[in-house]
């Protein structure tokens with residue numbers, strides 16, 4: 001819309017595009033980590049006991065997964081809270 005006509009984007013449009021880009025990249029990272037962990041658990045043959053290095057890697061990946069889940073939910077909820085419509089006319093108060 002703004003790029004086709006040559007018009008400059010407003011600050012809230014730039015912010016919205018930035019949030020969407022960051023959210024998509026974090027979601028892709030999260031999905032790749034989950035798929036990698038599941039592939040490692042299901043299709044890679046391992047001995048009965050995990051080596052200490054493998055257990056540390058699994059712990060690290062699970063911690064990163066929890067962080068990404070929290071960051072994604074915080075990103076989505078924080079941007080939904082900012083654009084509230086207190087007078088219920090269908091237009092966010094920041095745009096009125």
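Is segment 6-26 home to any residue that is on the phi > 0 side of the Ramachandran plot and either modelled with pLDDT of 80 or more or part of a loop (DSSP other than H, G, I, E, B) (or both)? Spell out the reasoning first.
Of all residues in segment 6-26, those on the phi > 0 side of the Ramachandran plot come to 6.
Next, from what is left, pick out any that are either modelled with pLDDT of 80 or more or part of a loop (DSSP other than H, G, I, E, B) (or both): 6.
Scanning segment 6-26, I find at least one residue that is on the phi > 0 side of the Ramachandran plot and either modelled with pLDDT of 80 or more or part of a loop (DSSP other than H, G, I, E, B) (or both), so the answer is yes.
Being in contact with a helix residue (DSSP H, G or I) (Cβ under 8 Å, 6 or more places away or on another chain) and exposed (fewer than 11 other Cβ atoms within 10 Å of the Cβ) is the filter here, so list the residues in segment 1-59 that pass it.
Across segment 1-59, the qualifying residues are 8, 46.
The values are calculated or read from the model by the stated rules, or taken from the named source; none is laboratory data. None of the values given here were measured: they were computed from a predicted structure. When we count neighbours, we look across all protein chains shown, and the Cβ atoms used for this are built from the backbone with ideal geometry, even at glycine.
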